[in-house]
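Report on the following structure.
Any read-out appearing in this document is the output of simple, stated calculations on the displayed coordinates, not a laboratory observation. Everything quoted here is computed from the prediction, not taken from an experiment. We place every Cβ from the backbone using ideal geometry, glycine too, and count neighbours over all the protein chains shown.
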Amino acid sequence: MPIDATQPYDDQNVFAKILRGEIPNKTVYEDQWALAFHDINPQAPFHVLVIPKGPYVSWDDFSAKASADEIAGFVRAVGTVARDAGLVEPGYRLLANVGQHGHQEVPHLHVHIFGGRQMGAMLPR
Ligand code: 5GP
């Protein structure tokens, strides 16, 4: 079920549990601002999720409330993960689902990084 992007942060969401180490994950990158790990149900040969360390429900919440350092750190982490995976030359896709129409399912901001194959058209019609 997609979430309501205006809901308050729920610290029992699955990515909050991953950040606290309560649920295992396959980490590919971590720094003070972000954690990146393989999606449990990959949609491409490379499918990694990058999440901020802070408690932000969605891109909307993060872009409105995060500090400049948090935003810079998170954006740099997304770029670093893709670059370190060798995705820049072949290319890759970023996706951040927000709320109901975006079909966001986990209420902690995450950016999907997809790579390793031709992604095709941006959206199904
Ligand atoms: P959304 O639809 O919210 O943008 O994407 C949520 C993503 O989180 C999905 O691609 C889903 O496979 C992934 N996911 C959900 N639960 C877990 C989990 O426990 N571990 C990992 N690694 N990924 C998860």
Checking GLU70 against (1) in contact with a His (Cβ under 8 Å, 6 or more places away or on another chain); (2) among the acidic types (Asp, Glu); (3) over 17 Å from PHE114 (Cβ atoms): exactly one of these is not met. Which one?
(1)
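Table: residues versus (1) in contact with a Leu (Cβ under 7 Å, 6 or more places away or on another chain); (2) in a loop (DSSP other than H, G, I, E, B); (3) under 20 Å from ALA16 (Cβ atoms).
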site	(1), (2), (3)
ALA82	no, no, no
VAL106	no, yes, yes
HIS112	yes, no, yes
GLN118	no, yes, no
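Let me confirm something: among ALA77, ALA64, which residue is more than 14 Å from the ligand (Cβ to nearest atom), free of Cβ contacts under 8 Å to residues at least 12 places away in the same chain and either crowded, with 19+ Cβ neighbours inside 10 Å or not acidic (Asp, Glu) (or both)? Spell out how you get there, then give the answer.
Details: ALA77 fails: free of Cβ contacts under 8 Å to residues at least 12 places away in the same chain.
Residue meeting the stated conditions: ALA64.
Take the stretch 81-97 and flag every residue that is near the ligand (Cβ under 9 Å from one of its atoms) and among the hydrophobic types (A, V, I, L, M, F, W, C).
So in the stretch 81-97, the residues near the ligand (Cβ under 9 Å from one of its atoms) come out as 95-97.
Result: LEU95, ALA96.
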Among all residue pairs at least 6 apart or on different chains, which show Cβ distances below 6 Å where the first residue, located in the stretch 81-100, is farther than 30 Å from PRO8 by Cα and the second is assigned to a helix (DSSP H, G or I)?
TYR92/ALA82
Here are some conditions: (1) crowded, with 20+ Cβ neighbours inside 10 Å; (2) part of a helix (DSSP H, G or I); (3) in contact with an Asp or Glu (Cβ under 9 Å, 6 or more places away or on another chain). TYR56 meets all but one. Which one does it not meet?
(2)
Can you find a residue in the stretch 37-48 that is within 20 Å of LEU123 (Cβ to Cβ), in contact (Cβ under 8 Å) with a residue 12 or more places away in the chain and touching a His at 6+ places or on another chain (Cβ under 7 Å)?
yes
Give me the pairs, please: first residue somewhere in the stretch 1-20 and in a loop (DSSP other than H, G, I, E, B), second residue anywhere and surrounded by fewer than 15 Cβ atoms within 10 Å (Cβ to Cβ), beta-carbon distance under 6 Å, and either six or more positions apart or on two chains.
PRO2/GLN100; PRO2/HIS103
